[in-house]
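Undergrad: I am attaching a structure below and will ask some questions about it afterwards.
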Amino acid sequence: MSAALGSSTLLDATLRHLRALVSFDTRNPPRSIGTAGIFDYLRDQLPGFDVQVTDHGAGAVTLYAVRGKPKYLFNVHLDTVPDSPHWTHDPHVLEVTADRAVGLGACDIKGAAAALVAVANACDGDLALLFSTDEEANDPRCIAAFLSGGHKYDAVIVAEPTRGEAVLAHRGIHSVQMRFTGQAGHASGEIKATDSAVHQAIRWGAAALGYVDGLAHERFGGLTGLRFNVGRVEGGIKANMIAPTADVRFGFRPLPSMDPDQLLETFRSLVEPHPVSYEELFRGMSLPAGDIPNAEARRLAARDIADELGIPVGNAVNFWTEAALFSEAGYVSFVYGPGDIAQAHTADEWVALDQLQQYAQTIYEIVNRGSA
């Protein structure tokens, strides 16, 4: 087909596919996603592609579809967060207004998936697609399995809501569970620093917040400081008993220029006594991944490809994406998709129609250019 395909026609096709994709329940949790349902639909919509569907367990499924010999891989996740009770209509029924499409996952990020399917059917150019369902789980089985296959691509373009701009850099994300222990006893007497596990946790929290404040001047690509959050503290029995245990769950999001292993060790050893257990539950490296010289080389390579493809380059962002996993594996990778992260994970989640249309048109032009 000609690259002169009407953008309104492409948008109509995108909305038709988006209506179907939103209707499938791919909430994560509960992670009850199998190889049927949404994947049956995608198989039917990708004639002429070599399609491989793989179940990695625990609701993690990939569909890898290739037509021809494409230079780029487009990756998009199909799982969504659970819907909140504040939705004003059925979250699995797409509602389209004059300027937006409203539905669970419409912004994050089934809108991009629908546009990719629309492009696949609107032209016959070389195209590679990787759909996955575990991005919202902090358990990246899908991408890890794909990376073990040794696939060759000039770049991997990961769809997330970036307002139609190429994001070349973002923070990493790390989640830690730790435990302090003390000695249970009556709280009427003098309590030494090592006696109460809860007191240890509170001292640690104060030290951690002070340490993070001291990094406020650190900068990378428009981002500043270290993002840090104590998400859960649990311990003790009652007010007149010294707490024998205290569990703390915290997370931090470093800049690409920060060493996560050094940060992990710093947090572990902030106060005496140290936590008796300290486990990193999830690690997502920054984008671009690698030491500073290699990371910068990948960022520049990603910028060159975005420029070549006619995708405007935006600023670095605070949220994490699976583009970092591809970067860590050695691929040139960046993030690009329709929608605004401010609408992701919200009630009545929506994506702007003009961004959907622009994204679909840009992908269409990329695919046709590659086959010209």
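Just so you know, all these numbers are worked out from the coordinates, no wet-lab data involved. Just so it is clear, the model here is predicted, and its values are computed rather than measured. Ideal geometry is used to build each Cβ from the backbone, glycine not excepted, and the neighbour counts take in all protein chains shown.
Undergrad: What is the dipole size for segment 283-349, taken about its Cα centre, with +1 at each Lys and Arg Cβ and -1 at each Asp and Glu Cβ, in debye to the nearest 20? Numbers along the way, then the final one.
TA: On the way: 4 positive and 10 negative charges, 44 e Å.
Dipole about the Cα centre, nearest 20: 220 debye.
Undergrad: Here is a follow-up. Please compute the length gained on full extension between GLN52 and GLU190, using 0.36 nm multiplied by the number of residues separating them and subtracting their Cα-Cα distance.
TA: Fully extending the segment from GLN52 to GLU190 adds 43.1 nm.
Undergrad: Report the extension gain between HIS89 and ILE341 in nm, rounded to one decimal, defined as 0.36 nm multiplied by the number of residues separating them, less their alpha carbon distance.
TA: Going from the current span to full extension adds 88.6 nm.
Undergrad: Suppose every K and R has +1 on its Cβ and every D and E has -1 on its Cβ; what is the size of the dipole of the chain about the Cα centre, in Debye to the nearest 20?
TA: In total the dipole reaches around 340 debye.
Undergrad: Ranked highest first by average number of other Cβ atoms within 10 Å, how do 191-201, 82-92 line up?
TA: Sorting 191-201, 82-92 by mean packing, highest first, produces 191-201, 82-92.
Undergrad: If I stretch the segment between THR266 and ASP304 completely, what's the gain in nm (0.36 nm per residue apart, minus their alpha carbon distance), one decimal?
TA: Residue separation times 0.36 nm, minus the Cα-Cα distance, leaves 10.0 nm.
Undergrad: Given the options GLU349, GLU328, GLU190, which has the most mean-square fluctuation in a GNM of the chain, springs set between C-alpha atoms less than 10 angstrom apart?
TA: Checking each option, the largest mean-square fluctuation is seen for GLU190.
Undergrad: Next question. Which distance in nm do the two modelled labels at LYS69 and ASP354 give, with both placed 7 Å along the Cα-to-Cβ direction?
TA: Label at LYS69, label at ASP354, 4.1 nm between them.
Undergrad: Next question, about the same structure. How big is the gap, in Å, between the Cα center of segment 34-67 and the Cα center of segment 9-31?
TA: Computed from Cα coordinates, the inter-centre distance equals 14 Å.
Undergrad: Let me ask another. Arranged by the count of other C-beta atoms within 10 angstrom, fewest first, what order do TYR41, TYR336 take? Walk me through the numbers on the way to the answer.
TA: Numbers: TYR41 16, TYR336 27.
Sorted ascending by nearby Cβ count, the order is TYR41, TYR336.
Undergrad: Can you tell me what the convex hull of the Cα atoms of segment 77-198 projects to on average, as an area in nm²?
TA: Numbers: hull surface 59.3 nm².
Averaging across all directions leaves 14.8 nm² for the Cα convex hull.
Undergrad: Just the number, please: Stokes-Einstein D of segment 173-284 in µm²/s, Kirkwood Rh from C-alpha pairs, 10 °C, 1.306 mPa s.
TA: In µm²/s, the coefficient rounds to 107.
Undergrad: For segment 169-186, in order, what is each residue's ³J(HN,Hα) by Karplus, 6.51 cos²θ - 1.76 cosθ + 1.60 with θ = phi - 60°, in whole Hz (x at glycine and Pro)?
TA: 8, 8, 5, x, 8, 9, 10, 10, 10, 9, 9, 10, 10, x, 9, 4, x, 6
Undergrad: So, one more: Quick one: among ALA118, ALA206, ALA58, which has the greatest mean-square fluctuation in a GNM of the chain with alpha-carbon springs under 10 angstrom?
TA: ALA206
Undergrad: Ok, one more. Taking the number of other C-beta atoms within 10 Å as the exposure measure, put LEU73, LEU300 in order starting with the fewest.
TA: Placing the least packed residue first, the sequence is LEU300, LEU73.
Undergrad: Ok, one more. Which of ASP79, ASP126, ASP213 moves most in a GNM of the chain, Cα contacts under 10 Å?
TA: Among ASP79, ASP126, ASP213, the largest mean-square fluctuation in the Gaussian network model of the chain belongs to ASP213.
Undergrad: Still on this structure, I have one more. Just want the ordering: VAL81, VAL156, VAL276, VAL102, from fewest to most Cβ atoms lying within 10 Å of their own Cβ.
TA: Details: VAL81 16, VAL156 27, VAL276 12, VAL102 21.
The most exposed by this proxy come first: VAL276, VAL81, VAL102, VAL156.
Undergrad: Now for a separate question. Summing Lys, Arg as +1 and Asp, Glu as -1, what charge do residues with Cβ under 11 Å from the Cβ of GLY164 carry, GLY164 excluded?
TA: Net local charge, GLY164 excluded: -2.
Undergrad: Here is a further query. Given the C-alpha atoms of the chain, compute the convex hull and give its volume per residue in Å³.
TA: 143 Å³
Undergrad: Additional query: Which distance in nm do the two modelled labels at THR224 and GLN183 give, with both placed 7 Å along the Cα-to-Cβ direction?
TA: With each label placed 7 Å out from Cα toward Cβ, I get 4.7 nm.
Undergrad: Residue by residue through segment 96-106, which ³J(HN,Hα) values in whole Hz follow from phi under the Karplus form 6.51 cos²θ - 1.76 cosθ + 1.60 (θ = phi - 60°), with glycine and proline marked x?
TA: For segment 96-106, the Karplus curve yields 10, 9, 5, 9, 8, 10, 10, x, 5, x, 4 Hz.
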